[in-house]
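As structure tokens, the structure follows; a few thoughts come after it.
The values are calculated or read from the model by the stated rules, or taken from the named source; none is laboratory data. Bear in mind that the values here come from a model prediction, so they are computed numbers and not experimental data. Cβ: placed from backbone, ideal geometry, glycine included. Neighbour counts: every protein chain shown.
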Amino acid sequence: MSKILIASDHAGFALKEALIEHIRTLGYDLEDMGPFSYNQDDDYPDFMTPLAQRVASSPEVRGIIVGGSGQGEAMCADRVSGVRAAVFYGPMRVVSSLNIEGDRSEDGYDVVRLPRLHNDANVLSIGARFVSVEQANEAARIFLETPFSEAPRHIRRLAKF
């Protein structure tokens, strides 16, 4: 992956700023797509849509978007053809005892890992009101480090999008 794009709205602004520092320490080329200052009246589509369009036009680019819940931001990004956004609003344990593929862990971050492995998610949407800076940093690291599995059944399913 050549570049990471990041954007937020007012509710995610402080977390976005913290994530920028963390992601740069991981050695990634990061571009901040705004906002560049806090504005309580901003609208998340103004930042999420341009980021999603850039991600969709470049397969080697991934995006991280941050908002209050992460849900509306992901919905906005997913409206752009070619974007596959995964939402993270905190670590969650897998409750099923089935471990058919052996790709489940016990750290609670499968909600980030599995969308990369199975769905080739190219945007991570983080709910700032539900996570700590440390959790968001870990989610971003996992999102950026986890490759798509390229398993035939996952490729087949993605082709049906």
Task: region 41-98: number of residues that are surrounded by fewer than 16 Cβ atoms within 10 Å (Cβ to Cβ), hydroxyl-bearing (Ser, Thr, Tyr) and closer than 19 Å to Asp110 by Cα - done: 2
TODO: Taking only region 1-19 into account, find how many residues are farther than 14 Å from Tyr38 by Cα and touching a strand residue (DSSP E or B) at 6+ places or on another chain (Cβ under 6 Å).
DONE: 5
Open item on the list: Which count do you get for residues in region 2-16 that are surrounded by fewer than 16 Cβ atoms within 10 Å (Cβ to Cβ) and within 18 Å of Phe88 (Cβ to Cβ)?
Closed with: 1
Open item on the list: Given the criteria within 24 Å of Glu31 (Cα to Cα), of a type in the set (Gly, Ala, Ser), at pLDDT 95 or above and crowded, with 22+ Cβ neighbours inside 10 Å, does Ala128 qualify?
Closed with: yes
Task: Any helices (runs of 4 or more DSSP H) falling wholly within region 44-161 and containing at least 1 residues that are over 15 Å from Lys16 (Cβ atoms) and among the small types (Gly, Ala, Ser) - done: 45-57, 71-78, 152-159
